[in-house]
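The values are calculated or read from the model by the stated rules, or taken from the named source; none is laboratory data. Everything numeric in this text was worked out from a predicted model, so none of it was measured. Positions of Cβ are generated from backbone atoms using ideal geometry, with glycine treated the same way; all protein chains shown enter the neighbour counts. When the accessible area is computed, the model is the full protein with side chains, heavy atoms only, and any ligands, DNA or RNA have been set aside. Shrake-Rupley method; radii C 1.70, N 1.55, O 1.52, S 1.80 Å.
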Amino acid sequence: MRTDTGQIVHLADYRPTDFVLERVDLTFELDPQNTKVEARLIFHRREGVDASAPLVLDGDELMLSGLLLDQIDIPAAQYDATPDRLTIRDLPAETPFEICVTNYINPEANTQLMGLYRTNGVYCTQCEAEGFRRITYFPDRPDVLAPYTITIVAAKEGNTFLLSNGNFLGGGNYDEGRHFAAWFDPHPKPSYLFALVAGDLGLIEDTFTTMSGRDVALKIYVEHGKEPRAAYAMDALKRSMKWDEERFGREYDLDIFMIVAVSDFNMGAMENKGLNVFNDKYVLADPETATDADYANIERIIAHEYFHNWTGNRITCRDWFQLCLKEGLTVYRDQEFSSDMRSRAVKRIADVRHLKSEQFPEDGGPLAHPPRPDKYREINNFYTTTVYEKGAEITGMIATILGEDDFRKGMDLYFERHDGDAATVEDFVKCFEEASGRDLSQFFRWYIQAGTPLVSASTSYDAASSTFTLSLEQTVPATPGQSSKQALYIPLSTALILDNGQIAAPSKVEGGEYKNGVLHLTERSQTFSFSGISSRPVLSLNRGFSAPINLHLEQSAEDMVQIARHDTDMFSRWQALTTLAMPNLVKATNAVRNDAPVAFDAGFITTLIEVIGDDALEPAFRAQVLALPSESDIAREIGSSNDPDAIHQARNAAMAAIAKAGVETLTALFDAFEDKGAYSPDATSAGRRSLRNIAMSYLSFAEETPKRAADAFAAASNMTDLAHALSILTQRFPDSAEAAQALATFEARFADNALVLDKWLSIQAAIPGEGALGRIKSLTGSKHFVGTNPNRVRSLIGTFAFGNPTGFNRADGEAYRFLAEQIVSIDKRNPQLAARILTSMRSWRSLEPVRADHARAALTTIERSPALSTDVRDIVERVLK
Ligand code: ZN
């Protein structure tokens, strides 16, 4: 493992390489412990570069074993080779030359899962962001693009398939017991998009005919025996390919598109050119083993990686600071895809919930950074929800400001102008400026300023002049390294709702741009007046969450109820109910802390029950309404000196009060939405299940015994219902015989299915309360917990740290100390995984002082432990700062 060097990379230091890479030709002789890599690289010196400038190649834990220049040995005096750098001097000034590097690597010893590694007997690579340099010495940066020819030689036994990027050139027998395959990828690409897979795998195949009539072979490789479970992924892939043609005019560009599912993977999936590698959890699904959420994730991630073919691969990033250029845009695209495949309103609600519970805390804490950062110490730590999800929100705001047509024109221009380029965020935004004629220079600040803006709104209505006035003020909080901020360009979708439920059409709007229902807030404070409003309207602001902001607006409960009942934007109806719930939850938390009686506003509860009982509304929407703000949402709202136990108790009390008042409605929902007939993963069926299941969660607060959940567990005919019943049993009745029995049944039934056992681990890791830590510790000794597998570690340790606020934040600090030990030990084999789980400590400063002290002490132990990776050192130091 590489330990920290403390070096910081700055955007301002960017400059192109001295040498241009023309072609790459790699030969791999695969061996589990001793793989030979031969890289033939053709370079020429970039015009204007000094003839004495050396060629400097990146490495990571490499050992050079041979080095040729134009097929002749390079004398030792002409180069320096260290594990992380190869420097070659005295190279030709003008003519192209070939460097041939030979080195050996050990895939089996590669526990970081970066570079070439082994997973379940399969050879597999992961190169983004800087993994290629663990394979061979190379200019390992995204602005070095070249066509690749790959030859793979391996034992026939155990390696039926030898796969790489591009189109298959040919293959055949090699020498004794070995065979080979050759691939050529004509599309110039950076090294992070390289992939190689070799092994014995099962395969499902299909074809897709593109809009210009070309047939593309589609192949999904999975472990033998799991082929039927890849059918949904294949279907999602074909729908993604079609959608990208129809919505963005993007056609696939090779003869073959392959997906390989592997069981050891640090992230969700990877968009390698023509050969996507997936965490198997985002490929494999059948009704018995996958939940509705699993199906939705598979659809989304298959689409995401496929969409990268244009936004990421054909147009890549100039440097890693531009990561949100490909990620923010591609998340925007996959969100649009899911919205078209499913319910747009429900998708938006789910995405905003996720944004608020993950990105907002990041943006408001010590790890806050702009979507386009200007410095980093470890790029792996910048695959964040800010780069991805806030990046997607920014793209969405461009679409809102420009409107559909100009947005599409800008995208077309981007594809046309930058195809084949390694581009910047500036290049991207410029296309929208040109397509629309709008100046987006102020808007650009979204990319370079961190922090969630706060917009405060106040309103008045003057009946005499039929004028409604809206005053807005924006502030962006200080974040690490950015103490003062400039005003942002904030598009606010706005409606004025009249008494009769109609949306007002103002005769005139003054004070700033207002177009297609969108207010353009560009000043620090700005007042808009709406004329021709015949009666006092109710303001619905930031409809559809048109901007990722915190909104402060004093609004009466009656007004919010009016929005909840009448807004034509379903997102706003959900938002109003959430806004109604929040003060109730905060008040209840304070009451719990002061040992005062906990009470809830009757109007809030009545409205909620009325909405969920409204059969005109789609079930999935009603389920979203029932899912109150999460415990971490409440903590964020309170802001400081948080007591997670009090929040938990208060939220449970709210659920109990709603259950008591709404028992009839909830029981009716539970009965009405029973799944009859065969399981289907479509959004409508999933929505029905989610409403019934959340109704059952509420009913568990109104009932003394686990009977309903135990019966549901016994009756469940799919994983969605089974896992939900199991989590109610274990969360609500943790000490019951029924819970213990269900856990044992579940474990026995799925003993040979690791992905299902992840659910068994995470359901137990999420059980709140004092018993949690003991349970986690004993589960780390379970035969189902495999410490080298990232999915297992995330399911147990990750769920505990991120998803069990009371168990993890126990007042004695024991769980923080446990996590610290785990982080240090995980770091030794897999720094990326360790650093990711450590981010669960990012909000420690907002805890009450006793817990905060324990958290700081545990973080300090990590900070002081020897030989930390750059990944963990970077996170721990920023979190403590
Ligand atoms: Zn991506």
Options F278, F265: the member that is within 16 Å of the ligand (Cβ to nearest atom) and assigned to a strand (DSSP E or B): F278
Residue check for P480: in contact with a Lys or Arg (Cβ under 9 Å, 6 or more places away or on another chain) and open to solvent by 20 Å² or more (accessible area, probe 1.4 Å): yes
Test: residue in region 667-675 that is open to solvent by less than 20 Å² (accessible area, probe 1.4 Å), under 21 Å from A712 (Cα atoms), touching a residue at least 40 places away in the same chain (Cβ under 8 Å) and part of a helix (DSSP H, G or I): yes
Selected residue (criterion: surrounded by the fewest Cβ atoms within 10 Å (Cβ to Cβ)) from residues of region 676-696 that are small (G, A, S) and farther than 20 Å from D615 by Cα: G677
Test result for V20, at pLDDT 95 or above, of a type outside the set (D, E, K, R) and under 17 Å from T136 (Cβ atoms): no
Test: residue in region 739-748 that is part of a helix (DSSP H, G or I), buried (at least 22 other Cβ atoms within 10 Å of the Cβ) and hydroxyl-bearing (S, T, Y): no
Given (1) touching a Phe, Trp or Tyr at 6+ places or on another chain (Cβ under 9 Å); (2) open to solvent by 20 Å² or more (accessible area, probe 1.4 Å); (3) closer than 22 Å to L21 by Cα, number of the condition T95 does not satisfy: (1)
Wholly enclosed strands (runs of 3 or more DSSP E) of region 448-543 bearing at least 1 residues among the acidic types (D, E): 454-462, 467-475, 508-510
Selected residue (criterion: nearest to I497 (Cα to Cα)) from residues of region 544-554 that are assigned to a loop (DSSP other than H, G, I, E, B), at pLDDT 95 or above and touching a strand residue (DSSP E or B) at 6+ places or on another chain (Cβ under 8 Å): S546
Yes/no for K409 being among the charged types (D, E, K, R) and either within 16 Å of the ligand (Cβ to nearest atom) or modelled with pLDDT under 95 (or both): no
Failed item, numbered, when D752 is tested on (1) within 20 Å of V283 (Cα to Cα); (2) surrounded by 20 or more Cβ atoms within 10 Å (Cβ to Cβ): (2)
Test result for A716, over 31 Å from the mean Cα position of the chain (by Cα) and modelled with pLDDT of 95 or more: no
Filter result for T395 (in contact with a Leu (Cβ under 7 Å, 6 or more places away or on another chain), part of a helix (DSSP H, G or I), polar (S, T, N, Q) and within 16 Å of the ligand (Cβ to nearest atom)): yes
Long-range neighbours under 7 Å by Cβ, at least six apart or interchain, first residue touching a residue at least 40 places away in the same chain (Cβ under 8 Å) within region 384-397, second among the polar types (S, T, N, Q) and part of a helix (DSSP H, G or I): T386/Q359; E389/Q359; K390/Q359; A392/Q335
Any pair with Cβ under 8 angstrom, 6 or more apart, that starts in region 632-647 at a residue that is among the polar types (S, T, N, Q) and ends at one that is outside any helix (DSSP H, G or I): S632/S843; S641/L847; S641/E848; N642/L847; N642/E848
Evaluation of A230 against (1) open to solvent by less than 10 Å² (accessible area, probe 1.4 Å); (2) within 11 Å of the ligand (Cβ to nearest atom); (3) in contact (Cβ under 8 Å) with a residue 40 or more places away in the chain (one fails), failing number: (2)
Pair list, Cβ < 6 Å and 6+ apart or interchain, from region 322-337 residues that are in a helix (DSSP H, G or I) and of a type in the set (A, V, I, L, M, F, W, C) to residues that are more than 10 Å from the ligand (Cβ to nearest atom) and open to solvent by 10 Å² or more (accessible area, probe 1.4 Å): C324/R372; F337/W243
Odd one out for E433, checked against (1) part of a helix (DSSP H, G or I); (2) under 20 Å from E245 (Cα atoms): (2)
Pairs where the first residue, in region 481-510, is charged (D, E, K, R) and the second is outside any loop (DSSP other than H, G, I, E, B) and open to solvent by 20 Å² or more (accessible area, probe 1.4 Å), C-beta under 9 Å, 6+ apart: K485/R445; K485/T475; D499/Q562; K508/S529; K508/S531; E510/T527; E510/S529; E510/S531
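So that you can scan it fast, the table gives a plain yes or no per residue for (1) farther than 24 Å from G6 by Cα; (2) more than 19 Å from the chain's Cα centre (by Cα):
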| site | (1), (2) |
| --- | --- |
| C317 | yes, no |
| L325 | yes, no |
| S339 | yes, no |
| P366 | no, yes |
| G391 | yes, no |
| G396 | yes, no |
| L402 | yes, yes |
| F407 | yes, yes |
| D412 | yes, yes |
Per-region count, region 763-798, residues touching a residue at least 60 places away in the same chain (Cβ under 8 Å), open to solvent by 20 Å² or more (accessible area, probe 1.4 Å) and either farther than 15 Å from S825 by Cα or part of a helix (DSSP H, G or I) (or both): 1
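Out of F571, F530, which single residue is touching a Pro at 6+ places or on another chain (Cβ under 8 Å), crowded, with 18+ Cβ neighbours inside 10 Å and touching a residue at least 12 places away in the same chain (Cβ under 8 Å)? Walk me through how you get there before you give the answer.
Working: F571 fails: touching a Pro at 6+ places or on another chain (Cβ under 8 Å).
None of the other options fit; the residue is F530.
Taking the stated definitions as given, is A656 of a type in the set (A, V, I, L, M), surrounded by fewer than 19 Cβ atoms within 10 Å (Cβ to Cβ) and under 23 Å from M570 (Cα atoms)?
On the way: of a type in the set (A, V, I, L, M): yes; surrounded by fewer than 19 Cβ atoms within 10 Å (Cβ to Cβ): yes; under 23 Å from M570 (Cα atoms): no.
No; evaluated as a whole, the condition is false for this residue.
In region 289-325, which residue that is of a type in the set (V, I, T) and open to solvent by 10 Å² or more (accessible area, probe 1.4 Å) is nearest to the ligand (Cβ to nearest atom)? Spell out the reasoning first.
Going residue by residue through region 289-325, those that are of a type in the set (V, I, T) are 289, 291, 298, 301-302, 311, 315-316.
Adding the requirement that they be open to solvent by 10 Å² or more (accessible area, probe 1.4 Å) leaves 289, 291, 301.
Details: T289: 26, T291: 23, I301: 9 Å.
The selected residue is I301.
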Condition broken by L284, with the remaining ones in (1) closer than 30 Å to W844 by Cβ; (2) assigned to a loop (DSSP other than H, G, I, E, B) satisfied: (1)
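Residues checked against (1) under 22 Å from N297 (Cα atoms); (2) open to solvent by 40 Å² or more (accessible area, probe 1.4 Å):
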{"residue": "T209", "(1), (2)": "no, yes"}
{"residue": "R214", "(1), (2)": "no, yes"}
{"residue": "L218", "(1), (2)": "yes, no"}
{"residue": "Y221", "(1), (2)": "yes, no"}
{"residue": "D235", "(1), (2)": "yes, yes"}
{"residue": "D255", "(1), (2)": "no, yes"}
{"residue": "N272", "(1), (2)": "yes, no"}
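What are the residues in region 676-697 that are more than 15 Å from A627 (Cα to Cα) and touching a helix residue (DSSP H, G or I) at 6+ places or on another chain (Cβ under 6 Å), if any? Full working, then the answer.
So in region 676-697, the residues more than 15 Å from A627 (Cα to Cα) come out as 676-686.
Hits for region 676-697 are P681, A686.
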Residues located in region 326-340, provided they are touching a Gly at 6+ places or on another chain (Cβ under 8 Å) and either open to solvent by less than 10 Å² (accessible area, probe 1.4 Å) or within 9 Å of the ligand (Cβ to nearest atom) (or both): K326, E327, G328, L329, T330, V331
